[in-house]
2 protein chains.
Amino acid sequence: MEARAKVMKALGHPSRLFIVDELSFGERCVCELTEMIGADISTVSKHLTLLKKAGIVLDDRRGQQVFYRLRVPCILNFFGCIEAVVKETGGGE
Amino acid sequence: MEARAKVMKALGHPSRLFIVDELSFGERCVCELTEMIGADISTVSKHLTLLKKAGIVLDDRRGQQVFYRLRVPCILNFFGCIEAVVKETGGGE
DNA sequence: CCATCACTTGGCAATATAGCCAAGTTTCGG
DNA sequence: CCGAAACTTGGCTATATTGCCAAGTGATGG
């Protein structure tokens with residue numbers, strides 16, 4: 001459970017969830033994600049490191065840039081269910 | 001993303017993940033879950049409150065006991081994917 | 001080489017979580 | 001009513017997370 005919780009925890013942050021969603025469209029470099037998220041690049045880098053340690057993404061350095069991509073596409077199936085949960089709670093709360 | 005992350009975050013704890021797994025077999029009262037988890041009942045109650053606020057479980061008082069059950073069964077589909085992630089990382093790390 | 005771009009890592013302060021004990025609430029049994 | 005069982009909530013400390021800035025690393029262009 002410990003290991004499983006770690007994976008879920010990695011997804012329990014708006015920016016990281018955004019990253020996973022964005023990577024579903026293809027790989028992105030840190031600078032692209034940083035621009036989209038609007039936080040410091042060091043912050044985004046740390047989020048990516050965490051996702052990588054959780055086994056969710058893979059990194060690939062090409063030249064000066066580091067590209068990230070999803071390692072486990074099945075994560076994307078989560079979104080439908082999450083959406084259902086959020087809708088049931090009325091989004092409010 | 002904020003709302004979605006909240007749901008994922010609720011699942012990002014070993015005890016809570018255990019609870020969700022256990023509830024997949026049917027409803028359980030707080031005392032049963034407490035015994036299985038081996039923590040203080042107040043701690044378990046707080047975990048359940050959090051899961052409830054996240055929209056993942058429902059509670060139902062019957063007499064002196066409060067029974068909890070899954071509100072969104074599709075959560076159970078997560079386990080297969082999570083397992084795949086954990087296995088890929090070698091369980092280690 | 002050297003400056004620069006693209007990152008990562010270290011360090012730190014602010015905030016959030018976790019879990020225990022104690023106290024309060026609800027529901028019964030007698 | 002009274003006490004006990006089953007929970008929930010408050011309070012508090014220990015620990016973990018976040019996110020910024022600053023400093024360090026790696027690859028490139030000139």
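The values are calculated or read from the model by the stated rules, or taken from the named source; none is laboratory data. All values derive from a computational prediction rather than experimental measurement. Cβ: placed from backbone, ideal geometry, glycine included. Neighbour counts: every protein chain shown.
Quick grid of which residues meet (1) near DNA strand D (Cβ under 10 Å from one of its atoms); (2) touching a Ser or Thr at 6+ places or on another chain (Cβ under 7 Å); (3) touching a residue at least 12 places away in the same chain (Cβ under 8 Å):
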residue	(1), (2), (3)
A:G12	yes, no, no
A:S15	yes, no, yes
A:F18	no, no, yes
A:R28	no, no, yes
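Exactly one residue among B:R16, B:R4 is of a type in the set (D, E, K, R), under 25 Å from A:V86 (Cα atoms) and away from DNA strand C (no atom under 13 Å from the Cβ), and that residue is B:R4. For A:E2, the conditions (1) at pLDDT 95 or above; (2) more than 8 Å from DNA strand D (Cβ to nearest atom) are fulfilled apart from (1).
Scanning region A:78-87 for residues that are within 7 Å of chain B (Cβ to nearest Cβ) and modelled with pLDDT of 95 or more yields A:F78, A:C81, A:I82. Note on region B:2-39: residues that are in a helix (DSSP H, G or I) and either at the interface with chain A (Cβ under 8 Å from one of its Cβ atoms) or under 30 Å from A:D21 (Cα atoms) (or both) total 19. Among the residues of region A:37-61, those that are more than 13 Å from the chain's Cα centre (by Cα) and either under 26 Å from A:C74 (Cβ atoms) or at pLDDT below 95 (or both) comprise A:D60, A:R61.
Applying the condition of being within 12 Å of A:R16 (Cβ to Cβ), more than 14 Å from chain B (Cβ to nearest Cβ) and without any contact (Cβ under 8 Å) to a residue 40 or more places away in the chain to region A:46-73 and asking which residue is nearest to DNA strand D (Cβ to nearest atom) yields A:K46.
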